[in-house]
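Engineer: So that we are looking at the same thing, I have put the structure below in structure tokens.
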Amino acid sequence: MNDITGLVLAGGMGRRMDSRDKGLVAFRGKPMVAHVIERLAPQVSSIIINANRSLDQYGAFGYPVVSDEISGYAGPLAGLHAGLRASSTPWLVTAPCDSPFLPIDLVARLCAALEQNIAELAVAKTGDQAHPVFTLCSTALLPSLTAFLESGGRKIDAWYAAHRVVEVQFDDEAAFANINTIDELRHLQ
């Protein structure tokens, strides 16, 4: 845990949420990002928030905020890139700001699988569905990710495929649910 930084990915455009900043949308009385931070913070030594707007509002949570260096809301890999650049630990775990139910043993299970399989990346999975925005990776992968992004790559799976990856099976699909739309938000309130 002392060697792992948690990165909350809040850099998206929120297109399916009427372009609202999803991490700051209220869910059960507080911003969604607050739920994610509460569940992730006890599992890591430090937290960083990746955001491309509402920087002061995210900064009010008391953690460093980093923005994508790649312009145009380039997706989760751009957020991972920003987090890898800002991390002071050898490992970085990611979680999206719109997944307030993430497992409280996420990091422990990803870390155990990564060590057991001598992998560079550990990715959460439920059933046949991988959840690539819930990943634990070595910060030594920064040069690889930089080169991939500079070549125009944006697909997480394509970048992961170039590395030693272990997928870690979790039973609770609901723990990885993303709240992407106003209807999903209303349904889960």
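The values are calculated or read from the model by the stated rules, or taken from the named source; none is laboratory data. From a predicted model like this one, the values you see are computed outputs, not experimental measurements. Here the Cβ is made from the backbone with ideal geometry for all residues, glycine too, and neighbour counts use every protein chain on show. Side chains are part of the model used for accessible areas, which takes the heavy atoms of the whole protein and leaves out ligands, DNA and RNA. Shrake-Rupley method; radii C 1.70, N 1.55, O 1.52, S 1.80 Å.
Engineer: Scattering from the C-alpha atoms of the stretch 25-135 alone, worked out with Debye: what is log10 I(q)/I(0) at q = 0.13, 0.21 1/Å?
Structural biologist: Ignoring solvent entirely, the Cα scatterers give -0.50, -1.32.
Engineer: If the elastic network links every pair of Cα atoms under 10 Å, which of Glu38, Glu150, Glu69 fluctuates the most in the Gaussian network model of the chain?
Structural biologist: Looking only at Glu38, Glu150, Glu69, the biggest GNM fluctuation is shown by Glu150.
Engineer: Let me ask you something else. Could you give the semi-axes, largest first, of the ellipsoid that matches the stretch 41-94, computed as the square roots of 5 times the alpha carbon gyration tensor eigenvalues and rounded to whole Å?
Structural biologist: In descending order the semi-axes read 18, 15, 8 Å.
Engineer: Return the single residue from Ala108, Ala161, Ala174 with maximal mean-square fluctuation; model: Gaussian network over the chain, springs between Cα atoms under 10 Å.
Structural biologist: Ala161
Engineer: Arg53 versus Ala158, label points 7 Å from Cα toward the beta carbon: distance in nm?
Structural biologist: So the label points at Arg53 and Ala158 sit 2.6 nm apart.
Engineer: Quick one: work out the % antiparallel among DSSP beta bridges in the chain, nearest 5.
Structural biologist: Among the beta bridges of the chain, antiparallel pairing accounts for roughly 35 percent.
Engineer: Now for a separate question. Which three semi-axes in whole Å describe the equivalent ellipsoid of the stretch 81-139, each the square root of 5 times a Cα gyration tensor eigenvalue, listed largest first?
Structural biologist: So the equivalent ellipsoid measures 18, 16, 10 Å along its semi-axes.
Engineer: Using only alpha carbon pairs under 8 Å that are at least six residues apart, calculate the relative contact order of the stretch 64-156 and give it in whole percent.
Structural biologist: Computed over the stretch 64-156, the figure is 33 percent.
Engineer: Moving on to the next point. Considering every pair of different Cα atoms, what Kirkwood radius, in Å, is found for the stretch 101-168?
Structural biologist: One decimal place: 12.5 Å for the Kirkwood radius.
Engineer: Still on this structure: Please find, in a Gaussian network model of the chain (springs between Cα atoms separated by less than 10 Å), the residue of Leu102, Leu142, Leu92 whose mean-square fluctuation is greatest.
Structural biologist: In this elastic network of the chain, the residue with the biggest mean-square fluctuation among Leu102, Leu142, Leu92 is Leu142.
Engineer: Let me check against my output: what whole-number percent is the relative contact order of the chain, with C-alpha pairs under 8 Å and at least 6 apart?
Structural biologist: 25
Engineer: Let me ask something else. Which of rounded, prolate or oblate describes the chain when judged by the alpha-carbon gyration tensor and an a/c cut-off of 1.5?
Structural biologist: rounded
Engineer: Per-residue counts of other Cβ atoms within 10 Å, averaged by peptide: what ranking do you get for 29-36, 153-160, highest first?
Structural biologist: With the highest mean Cβ count within 10 Å placed first, the list reads 29-36, 153-160.
Engineer: For Tyr58, Tyr63, give me the order by solvent-accessible area with a 1.4 Å probe, most accessible first, ignoring ligands, DNA and RNA.
Structural biologist: Tyr63, Tyr58
Engineer: How many Å² of accessible area per residue for the chain, probe 1.4 Å?
Structural biologist: With all protein chains present, the chain gives 47 Å² per residue.
Engineer: Follow-up. Fully extended, how many nm does the chain gain between Glu173 and Thr146 (0.36 nm per residue separation, minus their Cα-Cα distance)?
Structural biologist: Result: 6.6 nm gained on full extension.
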